[in-house]
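K.L.:
Structure incoming, see below.
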Amino acid sequence: MWREAIEDAIGKIRRNLEQHPGTFPHITNEKRYAWSANEDWIEGFHTGLTWLSYEYSQDTFFLDEAKQQIADFKQRLGAKICLEHHDIGFLYGLSALAGWIVEKDESARNLALQAADHLLGRWREQGGFLQAWGPENDEKNGGRIIIDCLLNLPLLYWASEVTGLPKYAEVAYKQAELSRRYLVRGDDSSYHTFYFNKETGDPLGGGTHQGYTDGSTWTRGQAWGIYGFALSYRYTKDPAFLQTAKRLLSYFLDHLPEDHVAYWDFNVPIKANTSRDSSASAITACGMLELMDLLQVGDADRSWIQQGLNQTMNSLVNQYATIGEEAEGLLKHGSYHVRGNSGLDDYMIWGDYYYLEALMRMERGIPGYWYERKTK
Ligand code: GLY
């Protein structure tokens with residue numbers, strides 16, 4: 001079953017690359033991607049899909065495409081195009097770092113390190129946090145962190161491993177710990193974002209950007225937390241991160257509807273037209289696979305996590321994937337920014353990426369591009 005899903009996905013990725021050369025897929029409400037230049041936070045997912053396709057097929061068509069995309073990312077970093085945000089891990093982890101992991105390409109490794117330096121530049125020493133969005137003096141965002149950042153931290157942990165310089169991992173660890181303390185709530189739900197005083201680092205309060213309300217639980221944020229804390233545990237071995245990933249996962253699975261795929265927020269009233277976010281469930285599937293790899297054989301938590309994984313992947317493959325359909329995307333019914341009326345009930349490129357990452361891990365044991373494969 002997984003093989004058929006993977007081969008269907010790779011056929012679609014090939015067709016997209018042939019039909020939209022030199023461009024990247026972006027968010028619409030059109031059931032088609034908008035193909036344009038490399039200048040948002042999401043382009044790395046397209047490159048990650050290209051790398052996964054190459055790893056599965058060994059077809060050099062995908063390798064050549066991935067290398068061309070890395071060249072585009074290099075140009076982007078040099079010209080500093082739309083990089084005043086923390087999503088550098090999504091962009092350069094799935095492009096340059098992947099190029100190093102798969103091909104041992106030294107220039108890709110150097111590019112990934114330059115990207116890590118750029119991300120490190122967003123550490124605000126006075127406040128003690130990695131600023132999510134905007135320039136340092138930004139009125140609204142100057143003191144803001146968001147839970148999504150946990151998926152950008154692997155680039156920093158990796159940079160310390162490869163250079164031997166602790167400064168990257170120290171920042172990543174502090175940010176993960178800050179996120180654990182302020183973004184995760186006592187009932188194992190999460191805030192999307194949290195604000196701090198820029199000068200003193202004093203906590204000001206939680207809120208949301210893409211969730212239903214400031215105090216609600218945005219499902220994709222919870223998913224970023226599950227996978228992100230699991231990855232921080234892999235790198236640091238701090239048991240608090242493992243425990244946090246499990247707590248967030250338990251909340252996520254306990255609040256799913258009958259078909260095991262999340263709506264866009266756990267607190268939104270469910271009506272006939274309420275949007276799902278299949279991408280949140282795809283990210284969570286990867287988080288569960290990561291946890292299964294980290295937990296010892298015999299660990300008491302393995303059985304409920306395995307059950308959650310089976311239910312999620314069976315539902316995604318059988319009810320949400322575009323297998324056999326004429327489609328650009330791999331997963332239907334994703335949501336980007338429901339409050340902002342953007343990306344409603346449509347393909348999300350990161351949903352496609354995490355869906356294929358999960359399938360590849362189950363079928364081939366290939367875990368994506370968040371760490372070098374020797375690390376365990
Ligand atoms: N990182 C932005 C999002 O998940 O929509």
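The values are calculated or read from the model by the stated rules, or taken from the named source; none is laboratory data. These numbers were taken from a predicted model, which means no experiment stands behind them. For neighbour counting, all protein chains shown are included, and Cβ atoms are generated from backbone atoms with ideal geometry for every residue, glycine included.
K.L.:
I'd like the residue in the range 205-226 that is surrounded by fewer than 24 Cβ atoms within 10 Å (Cβ to Cβ) and β-branched (V, I, T) and, out of all such residues, is farthest from the ligand (Cβ to nearest atom).
P.N.:
T213
K.L.:
Next up: Specify the residue that is nearest to the chain's Cα centre (by Cα); the eligible residues are those in the range 86-107 that are surrounded by fewer than 20 Cβ atoms within 10 Å (Cβ to Cβ) and of a type outside the set (K, R).
P.N.:
Here is the first cut: in the range 86-107, the residues surrounded by fewer than 20 Cβ atoms within 10 Å (Cβ to Cβ) are 102-107.
Keeping just the survivors that are of a type outside the set (K, R) gives 102-103, 105-107.
Numbers: V102: 19, E103: 22, D105: 23, E106: 25, S107: 24 Å.
Taking the candidates together, the pick is V102.
K.L.:
Additional query: So, in the range 359-376, of the ones that are of a type in the set (A, V, I, L, M, F, W, C) and out of contact with any Leu (no Cβ under 6 Å at 6 or more places or on another chain), which residue ends up farthest from V317 (Cα to Cα)? If you could, list the steps in order and put the result at the bottom.
P.N.:
Kept after step one, since they are of a type in the set (A, V, I, L, M, F, W, C), are these residues of the range 359-376: 359-360, 362, 366, 370.
Those still in the list that are out of contact with any Leu (no Cβ under 6 Å at 6 or more places or on another chain) too: 359, 362, 366.
On the way: L359: 9, M362: 13, I366: 18 Å.
Step by step, filter the range 359-376, then rank; the result is I366.
K.L.:
Filter the range 134-184 for residues that are over 19 Å from Q222 (Cα atoms) and within 16 Å of the ligand (Cβ to nearest atom) and give the result.
P.N.:
G134, N141, L155 - these are the residues of the range 134-184 that are over 19 Å from Q222 (Cα atoms) and within 16 Å of the ligand (Cβ to nearest atom).
K.L.:
Got a sec? Which of T236, T244 is closer than 26 Å to Q311 by Cβ and of a type in the set (S, T, Y)? Reasoning before the result, please.
P.N.:
Numbers: T236 fails: closer than 26 Å to Q311 by Cβ.
One residue alone meets the criteria, T244.
K.L.:
Would a scan of the range 22-35 turn up a residue that is surrounded by fewer than 16 Cβ atoms within 10 Å (Cβ to Cβ), touching a strand residue (DSSP E or B) at 6+ places or on another chain (Cβ under 7 Å) and among the small types (G, A, S)?
P.N.:
For the range 22-35, residues surrounded by fewer than 16 Cβ atoms within 10 Å (Cβ to Cβ), touching a strand residue (DSSP E or B) at 6+ places or on another chain (Cβ under 7 Å) and among the small types (G, A, S): present.
K.L.:
Among the residues of the range 239-262, are any within 21 Å of I349 (Cβ to Cβ), surrounded by 15 or more Cβ atoms within 10 Å (Cβ to Cβ) and at pLDDT 95 or above? Don't jump to the end; show me each part of the working.
P.N.:
Of the range 239-262, the ones within 21 Å of I349 (Cβ to Cβ) are 261-262.
So of that shortlist, the ones also surrounded by 15 or more Cβ atoms within 10 Å (Cβ to Cβ) come out as 261-262.
Okay, now just the ones that are also at pLDDT 95 or above, so 261-262.
Yes: one or more hits.
K.L.:
I would also like to ask the following. If we scan the range 269-280, do we find a residue that is within 16 Å of the ligand (Cβ to nearest atom), in contact (Cβ under 8 Å) with a residue 40 or more places away in the chain and out of contact with any strand residue (DSSP E or B) (no Cβ under 8 Å at 6 or more places or on another chain)? Full working, then the answer.
P.N.:
In the first step, residues of the range 269-280 are kept if they are within 16 Å of the ligand (Cβ to nearest atom); the result is 275-280.
Subsequent filtering for residues that are in contact (Cβ under 8 Å) with a residue 40 or more places away in the chain retains 275-280.
If we keep only those that are out of contact with any strand residue (DSSP E or B) (no Cβ under 8 Å at 6 or more places or on another chain) as well, we get 280.
Yes, because at least one residue in the range 269-280 is within 16 Å of the ligand (Cβ to nearest atom), in contact (Cβ under 8 Å) with a residue 40 or more places away in the chain and out of contact with any strand residue (DSSP E or B) (no Cβ under 8 Å at 6 or more places or on another chain).
K.L.:
Let me ask you something else. So, in the range 299-310, of the ones that are of a type in the set (D, E, K, R) and not in a helix (DSSP H, G or I), which residue ends up farthest from A223 (Cα to Cα)?
P.N.:
Narrowing the range 299-310 to residues of a type in the set (D, E, K, R): 299, 301-302.
Right, trim to not in a helix (DSSP H, G or I) and you get 299, 301.
Working: D299: 22, D301: 18 Å.
The extreme case among them is D299.
K.L.:
Moving to a separate point now. Between a residue in the range 282-307 that is within 14 Å of Y355 (Cα to Cα) and any residue that is of a type in the set (F, W, Y), which pairs come within a Cβ distance under 6 Å, given they are 6 or more apart or on different chains?
P.N.:
Note: pairs meeting the criteria are A282/Y354; A282/Y355; I283/Y227; I283/Y354; T284/F252; C286/Y227; C286/Y354; G287/Y227.
K.L.:
Separate question: Can you pull out every residue in the range 26-56 that is of a type outside the set (D, E, K, R) and more than 23 Å from W100 (Cα to Cα)? Lay out the reasoning, then the answer.
P.N.:
Just the residues of the range 26-56 that are of a type outside the set (D, E, K, R), to begin with: 26-29, 33-38, 41-42, 44-54, 56.
Answer for the range 26-56, where residues must be of a type outside the set (D, E, K, R) and more than 23 Å from W100 (Cα to Cα): H26, I27, T28, N29, Y33, A34, W35, S36, A37.
K.L.:
Which ones in the range 272-303 are farther than 25 Å from L331 by Cα and either hydroxyl-bearing (S, T, Y) or in contact with a Gly (Cβ under 8 Å, 6 or more places away or on another chain) (or both)?
P.N.:
Within the range 272-303, just S303 meets the criteria.
K.L.:
Provide a single number: the residues in the range 322-376 that are among the acidic types (D, E) and either more than 16 Å from the ligand (Cβ to nearest atom) or part of a loop (DSSP other than H, G, I, E, B) (or both).
P.N.:
Going through the range 322-376, the residues among the acidic types (D, E) turn out to be 325-326, 328, 345-346, 352, 357, 363, 372.
Add one more test, that the residue is either more than 16 Å from the ligand (Cβ to nearest atom) or part of a loop (DSSP other than H, G, I, E, B) (or both), and what stays is 325-326, 328, 345, 363, 372.
Total meeting the criteria: 6.
K.L.:
Give the number of residues within the range 138-189 that are assigned to a helix (DSSP H, G or I), surrounded by fewer than 20 Cβ atoms within 10 Å (Cβ to Cβ) and of a type in the set (A, V, I, L, M, F, W, C).
P.N.:
Number satisfying all stated conditions: 2.
K.L.:
Exactly one condition in (1) within 16 Å of the ligand (Cβ to nearest atom); (2) in contact with an Asp or Glu (Cβ under 7 Å, 6 or more places away or on another chain) is not met by N16; state its number.
P.N.:
Failed condition: (1).
K.L.:
Tell me which residues, restricted to the range 270-298, are in a loop (DSSP other than H, G, I, E, B) and surrounded by fewer than 24 Cβ atoms within 10 Å (Cβ to Cβ).
P.N.:
Initially, the range 270-298 is screened for residues in a loop (DSSP other than H, G, I, E, B), giving 270-275, 277, 295-298.
Within the range 270-298, I270, K271, A272, N273, T274, S275, L295, Q296, V297, G298 qualify.
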